[in-house]
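Trainee: Encoded as structure tokens, here's the structure I'll be asking about.
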Amino acid sequence: MPEGDTIFRSARTLRQALAGKQLRRFDATRLVNRGPKPGTDILDVEARGKHLLIHFGDGTVLHTHMRMTGSWHVYRAGEPWRKPAGYARVVIETEDDVVAVCFSAPVVELRRDADASVAHLGPDLCRPDVDLGEAVRRFRALPPSTELGVALLDQTVASGIGNVYKSETCFVCHEDPFTPIGDLSDERVATLYANAARLLQANLEGFDRVTVGRGLGVYGRQGKRCPRCGTTIRMRHQGEQARSTYWCPGCQTGPKAD
């Protein structure tokens, strides 16, 4: 599933390609509501956590959520697509021959109220002005028995964290992702979200994620040695959705100085 940094970069690419231009064609055959008409201005493209919103001059907003399968591509008119046309959920063509295609996204909807699609989200950790205090407040509203890794994935607490940043944030903070959140002080929770925001924002420009040294600390490194203590990194499926969590059982035992 794309995480907040990926959606931020997709929104930036689409904004550069679409914003300020007029629509030539809008094709989304599975939508119940009619899309904007040719000649409509494309006003802006924005990311909200893992959600992407395209604003049109007629007041409609296209909301997409990629989940595990979706992606946006940008082409020139006539350029071959990198995925089969049958996977296209939305096609947006501008008057200057730019074509943006949303492939395989499970959530595609047109709305008049953009906030209705994302009102449930917690503070966006990709934003430099993110309200980390609000994230801590929402975190404390979860049941104390909730495991830390599950809580970090809860987009109603703070948006943008997926499996990668869940695992990497816990590693950076020396936290066991299976700790019940009731065992954590507010200071430790604030440190977790501050580091999650720092890691996400540090990766908004590039495409190769870097969280520790020149790469990742634990994510995708099951069976390899921890770069910090040398213990073998483990992976376990966590929560009702059995999401993959990577961690080092040797040094993720609570905060300590590096």
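The values are calculated or read from the model by the stated rules, or taken from the named source; none is laboratory data. As the structure is a prediction and not an experimental result, all values here were calculated from the model. Reconstructed Cβ throughout: ideal geometry from the backbone, glycine too, with neighbour counts over all protein chains shown.
Trainee: Counting only residues that are assigned to a loop (DSSP other than H, G, I, E, B) and among the hydroxyl-bearing types (Ser, Thr, Tyr), which one in the range 157-185 is surrounded by the fewest Cβ atoms within 10 Å (Cβ to Cβ)?
Mentor: Just the residues of the range 157-185 that are assigned to a loop (DSSP other than H, G, I, E, B), to begin with: 157-158, 160-162, 173-179, 184-185.
When the remaining residues are screened for being among the hydroxyl-bearing types (Ser, Thr, Tyr), the result is 179, 185.
On the way: 179: 19, 185: 9.
Filtering first and then ranking leaves 185.
Trainee: Additional query: So, in the range 2-35, exactly how many residues are small (Gly, Ala, Ser), in contact with a Leu (Cβ under 8 Å, 6 or more places away or on another chain) and not in a loop (DSSP other than H, G, I, E, B)?
Mentor: 3
Trainee: When you scan the range 136-154, how many residues do you find that are surrounded by fewer than 23 Cβ atoms within 10 Å (Cβ to Cβ) and farther than 13 Å from residue 243 by Cβ? Walk me through how you get there before you give the answer.
Mentor: Of all residues in the range 136-154, those surrounded by fewer than 23 Cβ atoms within 10 Å (Cβ to Cβ) come to 136-138, 140-147, 150, 153-154.
Still in the list and also farther than 13 Å from residue 243 by Cβ: 136-138, 140-146.
Counting residues in the range 136-154 that are surrounded by fewer than 23 Cβ atoms within 10 Å (Cβ to Cβ) and farther than 13 Å from residue 243 by Cβ gives 10.
Trainee: Of everything in the range 229-258, what is at pLDDT below 95 and either assigned to a loop (DSSP other than H, G, I, E, B) or hydrophobic (A, V, I, L, M, F, W, C) (or both)? Give them in sequence order. Step through it out loud before you land on a result.
Mentor: Going residue by residue through the range 229-258, those that are at pLDDT below 95 are 239-243, 253-258.
Within the range 229-258, 239, 240, 241, 242, 253, 254, 255, 256, 257, 258 meet the criteria.
Trainee: Residues of the range 6-33 being farther than 24 Å from residue 206 by Cβ and without any contact (Cβ under 8 Å) to a residue 60 or more places away in the chain, which ones? Show your work before the answer.
Mentor: Applying the first criterion (farther than 24 Å from residue 206 by Cβ) to the range 6-33 yields 20-33.
The answer is 20, 29, 32.
Trainee: Scan 124, 154 and give me the residue that is touching a Gly at 6+ places or on another chain (Cβ under 9 Å), outside the structural domain of residue 14 (by TED's automatic domain parsing), in contact (Cβ under 8 Å) with a residue 12 or more places away in the chain and farther than 30 Å from residue 41 by Cβ.
Mentor: Working: 124 fails: farther than 30 Å from residue 41 by Cβ.
Going through 124, 154 in turn, just one is touching a Gly at 6+ places or on another chain (Cβ under 9 Å), outside the structural domain of residue 14 (by TED's automatic domain parsing), in contact (Cβ under 8 Å) with a residue 12 or more places away in the chain and farther than 30 Å from residue 41 by Cβ: 154.
Trainee: Consider the range 36-59. How many of its residues are crowded, with 19+ Cβ neighbours inside 10 Å and not charged (D, E, K, R)? Walk me through how you get there before you give the answer.
Mentor: Going through the range 36-59, the residues crowded, with 19+ Cβ neighbours inside 10 Å turn out to be 36, 42, 45-54, 56.
Those still in the list that are not charged (D, E, K, R) too: 36, 42, 45, 47, 49, 51-54, 56.
Total satisfying the criteria: 10.
Trainee: Another one. Is there a residue being loosely packed, with under 14 Cβ neighbours inside 10 Å, within 28 Å of residue 243 (Cβ to Cβ) and at pLDDT below 95 anywhere in the range 68-85?
Mentor: yes
Trainee: Something else now. Counting only residues that are outside any strand (DSSP E or B) and within 18 Å of residue 56 (Cα to Cα), which one in the range 97-112 is nearest to the chain's Cα centre (by Cα)?
Mentor: Taking the range 97-112 and keeping what is outside any strand (DSSP E or B), we get 97, 104-106, 112.
Narrowing the set further to residues that are within 18 Å of residue 56 (Cα to Cα) leaves 97, 112.
Values: 97: 29, 112: 23 Å.
The extreme case among them is 112.
Trainee: So, in the range 103-123, exactly how many residues are among the aliphatic types (A, V, I, L, M) and surrounded by fewer than 18 Cβ atoms within 10 Å (Cβ to Cβ)?
Mentor: Initial filter on the range 103-123 (among the aliphatic types (A, V, I, L, M)): 105, 107-108, 110, 114, 116, 118-119, 121.
Those still in the list that are surrounded by fewer than 18 Cβ atoms within 10 Å (Cβ to Cβ) too: 107-108, 116, 119.
The qualifying residues number 4.
Trainee: Do you know which of the residues in the range 31-82 that are closer than 13 Å to residue 101 by Cβ and either of a type in the set (D, E, K, R) or not assigned by TED's automatic domain parsing to the domain that holds residue 10 (or both) is nearest to the chain's Cα centre (by Cα)?
Mentor: Filtering first and then ranking leaves 82.
Trainee: What are the residues in the range 47-72 that are among the basic types (Lys, Arg), in contact with a helix residue (DSSP H, G or I) (Cβ under 7 Å, 6 or more places away or on another chain) and in a loop (DSSP other than H, G, I, E, B), if any? Break it down into steps so the answer makes sense when it comes.
Mentor: Taking the range 47-72 and keeping what is among the basic types (Lys, Arg), we get 48, 50, 67.
With in contact with a helix residue (DSSP H, G or I) (Cβ under 7 Å, 6 or more places away or on another chain) added as a condition, the list becomes 48, 50.
Answer for the range 47-72, where residues must be among the basic types (Lys, Arg), in contact with a helix residue (DSSP H, G or I) (Cβ under 7 Å, 6 or more places away or on another chain) and in a loop (DSSP other than H, G, I, E, B): just 50.
Trainee: If you don't mind, another one. I'm checking my understanding of the structure. Among residues of the range 200-226 that are surrounded by fewer than 18 Cβ atoms within 10 Å (Cβ to Cβ) and farther than 30 Å from residue 129 by Cβ, which one is nearest to the chain's Cα centre (by Cα)?
Mentor: Start the filter on the range 200-226 by keeping residues that are surrounded by fewer than 18 Cβ atoms within 10 Å (Cβ to Cβ), which leaves 202, 204-208, 210, 212-215, 220, 222-225.
Now drop any that are not farther than 30 Å from residue 129 by Cβ, which leaves 220, 222-225.
On the way: 220: 18, 222: 23, 223: 27, 224: 26, 225: 28 Å.
The extreme case among them is 220.
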